[in-house]
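**Q** Structure below; questions to follow.
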Amino acid sequence: MRCWTAGDLYAPQAWQDDTGRWLLIGWLPEKRSVEAQLEAGYAGCMSYARELSLENGVLKQRPVRQLEGLREQRLKGVLSGAALEIRVLEPKNDAGQKFGVKLRAAPDNAEFTLVYLEGDELVIDRRHSSLNDT
């Protein structure tokens, strides 16, 4: 499966840990004005740590296994929250249809982010993630 996103990862840093894994983190900048960032009290954030691998000449990445310790329970149905981990086991999309989720949707659906499978691609569509165009 390939993953496509129009996202940013600024100044990525990669290193090899004591076990030989290649890890990567980076800065996730944002496009809000300085004033909006000051008002919010934060500006951007660091990415989660990723483990890099090379399989058949293709560079792949996955969250580091240490993040599994953050999982507490399984939830089903309509979920709401500021931070959720969503795992889809064995996604099957043989018909080429879209299958996915809408994340961080505003009550009026004016803002939202779509994450979906389309064929064998994972798409993260951020076109409607913010009404702020700066």
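**Q** Filter the stretch 80-134 for residues that are among the β-branched types (Val, Ile, Thr) and in contact with a Ser or Thr (Cβ under 7 Å, 6 or more places away or on another chain); which is modelled with the highest pLDDT?
**A** Here the residue is 113.
**Q** Please state which of the following conditions residue 39 fails to meet, knowing it meets all the rest: (1) surrounded by 14 or more Cβ atoms within 10 Å (Cβ to Cβ); (2) acidic (Asp, Glu); (3) not in a strand (DSSP E or B).
**A** Residue 39 satisfies all of (1) surrounded by 14 or more Cβ atoms within 10 Å (Cβ to Cβ); (2) acidic (Asp, Glu); (3) not in a strand (DSSP E or B) except (1).
**Q** Okay, moving on. Identify, please: which residue in the stretch 13-36 is in contact (Cβ under 8 Å) with a residue 24 or more places away in the chain and in contact with a strand residue (DSSP E or B) (Cβ under 7 Å, 6 or more places away or on another chain) and is, among those, surrounded by the fewest Cβ atoms within 10 Å (Cβ to Cβ)?
**A** Per the criteria, the residue is 14.
**Q** Of all residues in the stretch 43-70 being in a loop (DSSP other than H, G, I, E, B) and under 19 Å from the mean Cα position of the chain (by Cα), which is farthest from residue 122 (Cα to Cα)?
**A** Out of the qualifying residues, it is 43.
The values are calculated or read from the model by the stated rules, or taken from the named source; none is laboratory data. Keep in mind it's a predicted model, so treat the numbers as computed, not measured. A quick note on method: Cβ atoms are made from the backbone with ideal geometry, for glycine too, and the neighbour counts reach across all protein chains shown.
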